[in-house]
Amino acid sequence: MNFFRLVLLSLTLIPCTLFAQHSAIDKKVDSLLSLMTLEEKVGQLNQLSSDFAATGPITKDGDKQDRVRQGKIGSYLNVTGAARTRSLQEIAMQSRLRIPLLFAQDVIHGYRTIFPIPLAEAASWDLAAMEQTARIAAVEAAASGIHWTFAPMVDIARDPRWGRVMEGAGEDSYLASLIAAARVKGFQGKGIGNTDAVMACAKHFAAYGAAEGGRDYNSVDMSVRKLYEVYLPPFKAAKEAGVASFMNSFNDLNGVPATGSSFLQRKILKGDWGFKGIVVSDWGSVGEMVNHGYAADLKDAARIAMNAGSDMDMESRAYVAHLVELVKDKKIDTVQLNDAVKRVLYKKFELGLFEDPYRFSDEKREQAVWNNPAHLQVAREMARKSIVLLKNDKFTPGNQPLLPLHSGSKKKIALIGPLVKAIGDNNGFWSYSWPDDSTRVVSLWQGFINKLGNANSLTYAKGCEITGSDTTGFTAARKTAREADLIILSIGESAIMSGEAKSRSQLQLPGVQEQLVKEMVATGKPVIVLISAGRPLVFNWIADHVPAIVYTWWLGTQAGNAIADVLFGDYNPSGKLPITFPRSEGQIPIYYNYLSTGRPFKSDTDNTYVTAYTDLPNSPRYVFGYGLSYTSFQYSSVQLSANTLSKGQSMQARVTVTNTGNYAGEEVVQLYLQDVVGSIVRPERELKAFEKIRLNPGESREVIFTLDPTALSFFNEKLELVAEPGLFHVYIGGNSQATQKASFTLL
Ligand code: BGC
């Protein structure tokens, strides 16, 4: 055993109390740092991708394994499986100081078991459920040797043209903040260092979701106040939930690339918020500062990024190429370099990798957790909760809503559309495909067979492809439709149409799918449309003419079973939109909590000299928070515990909700607040609280919300969080257009 091995072994005795552990880790980090050469320090800040699942060009520069041996790579992304992570870790153990590698991966909505895309999960408004799916993703990934997921993505997105809306929690800062915290807790479980937990990463810091024109990687220009009010809260919530890392972003913010922004990384994140974890760049974003015209060359980019507080360089190889020289030339302060290295080493110690570098790469555990049927059950439950029922009108003959269907009925059902038998598309963007996907992922077709026991009452026609102009399949689809009693159409986007670099200027259904729907409606048969997509699409004709519409997003491994559960009423849909659905791309950006204007919009029919379009209604197609159930809910008037409130005090708002329909069901009771007069113009209303309740038919429940000073506060011109005296309106209901209202005055 050599000297360094002895030193490292002596560094790994972990005391039990948390405080003692922290200071003990700091000591270990300091002793290790004192043994490191400048080159080895820089190596810790270098993150490279394996050649799998790259989202950017891979900068090949020779044998990566040799570099690991030389201590020139601190972290890998995209290495899959316990066996591969173990074998790379073995090479790291041949390096002089035997510093283990950190393995990172985009485990965004599941790893082996794929859960609904994050935007879909957000539609459940079920924080515990979202924490649970992140937990399972962590369990599965950790067993494969992954220490670090690049999730949750917590970017607020108010522009559905931006393909990455699928990856976040939608448009609202309050809802997204709670979801951010739930996901961080899920990924990190009982704490980093447990072999079933992975480090989470709040990304992309910051304001990436506000890319101009919804075009990915584009510029962002916004007031700092708006940044604080709308875009930063989910990041702050992730930080407060103990997130281990942050990722910066590709965009420039007010002219400064986020990767080179000291304001974002040093002042806000590491300064004001006191963040102690790792800040990793986005893929190649250090080098891209040259393209931005913000850095003269790669060396300049390395200098700017490190000085700005970007600790680890993902795939630019700017740090590994230039930091040594920059430190020697005193262009970078050693204190800053050491701080970045310490952050990385700290996490490696916290993960327990110095004790046992292979503790995560466990092939036996990998096999066991990967095939855990309980994970599939959770995936099915989460998928059901994510589905949003957009329309369920009465249909003649019968004058009854088409949904739910009855599994005992002898009706012949035609399943039509390009997504009926889809497998991979169910997983959506940012997911992994596995060799047994064809049997493991449940298509809609299979879900129906599972529900009905056989395919006897089912027929199928594809009708058309997702894209393209070929309508030759319409003839067979028409024939299949005419011979059936009911038509269920499964249409939408393919999985690669929403995601990174998947901005779209037009949000209509791709290809000839809408035409196919028209053909099916023309048969006069009852039609139910299921739309799978990673973002809000525009489908006005369908919304106007089809009696039943279900938004099924991308639901993951159990998609088909979950959709069948909802359609056959084994689960009563409860999803509520976490993002506004526009009528037209011309309304974008569109969101519910817009600021009050001097010429408020009145109604879609009276729009003269008010803030409105002359050729388009102002109202969206479906508002934020909207979603139907098979039952109906009635809201009482809103009761407040007081009409006035002293500064710093809390108050209660109460409402009684009654299930007035025939099915047991869940309702997301939502509270919105309007601060009527402010030193900064305030939104017309803002979500401040919600609760998801379950009621049997005829049952009533009183829901009590507590409004505390934070709920009344906003960032004023000086960026102070203040609650200003004056009138407030409270609205409570089942979506953002809630009309039950009460008012109080803050003294
Ligand atoms: C994305 C990140 C992702 C990274 C690594 C980038 O292109 O913006 O969100 O974590 O690639 O795959």
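Table for the structure above
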quantity: Sole residue being open to solvent by 10 Å² or more (accessible area, probe 1.4 Å) and either farther than 26 Å from A308 by Cα or modelled with pLDDT of 95 or more (or both), chosen from R164, R112; calculated: R112
quantity: Residue check for D300: within 19 Å of A202 (Cβ to Cβ) and at pLDDT 95 or above; calculated: no
quantity: Selection count, the stretch 683-711, where residues are under 22 Å from T597 (Cβ atoms) and open to solvent by 10 Å² or more (accessible area, probe 1.4 Å); calculated: 4
quantity: Among (1) open to solvent by 30 Å² or more (accessible area, probe 1.4 Å); (2) without any contact (Cβ under 8 Å) to a residue 40 or more places away in the chain, the one test that R583 misses; calculated: (2)
quantity: Meets criteria (outside any helix (DSSP H, G or I), hydrophobic (A, V, I, L, M, F, W, C) and within 15 Å of the ligand (Cβ to nearest atom)) for F246; calculated: yes
quantity: Selection status of W125, more than 25 Å from T195 (Cα to Cα), open to solvent by less than 10 Å² (accessible area, probe 1.4 Å) and over 10 Å from the mean Cα position of the chain (by Cα); calculated: yes
quantity: Flag if I332 is farther than 29 Å from V623 by Cβ and crowded, with 19+ Cβ neighbours inside 10 Å; calculated: yes
quantity: Matching residues in the stretch 63-78 - criterion: being at pLDDT 90 or above and of a type outside the set (D, E, K, R); calculated: V68, Q70, G71, I73, G74, S75, Y76, L77, N78
quantity: Residue match in the stretch 134-147 (condition: at pLDDT 95 or above, within 14 Å of the ligand (Cβ to nearest atom) and either hydrophobic (A, V, I, L, M, F, W, C) or open to solvent by less than 10 Å² (accessible area, probe 1.4 Å) (or both)); calculated: yes
quantity: Residue that is surrounded by the fewest Cβ atoms within 10 Å (Cβ to Cβ), among those in the stretch 601-631 that are charged (D, E, K, R) and without any contact (Cβ under 8 Å) to a residue 60 or more places away in the chain; calculated: D615
quantity: Residue count, the stretch 586-599 (criterion: free of Cβ contacts under 8 Å to residues at least 40 places away in the same chain and surrounded by fewer than 17 Cβ atoms within 10 Å (Cβ to Cβ)); calculated: 4
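The values are calculated or read from the model by the stated rules, or taken from the named source; none is laboratory data. What you see is a predicted model, and the numbers here were worked out from it, not measured in a lab. Ideal geometry is used to build each Cβ from the backbone, glycine not excepted, and the neighbour counts take in all protein chains shown. Each accessible area value is taken on the protein alone, full model and side chains, heavy atoms only, with ligands, DNA and RNA left out. Shrake-Rupley method; radii C 1.70, N 1.55, O 1.52, S 1.80 Å.
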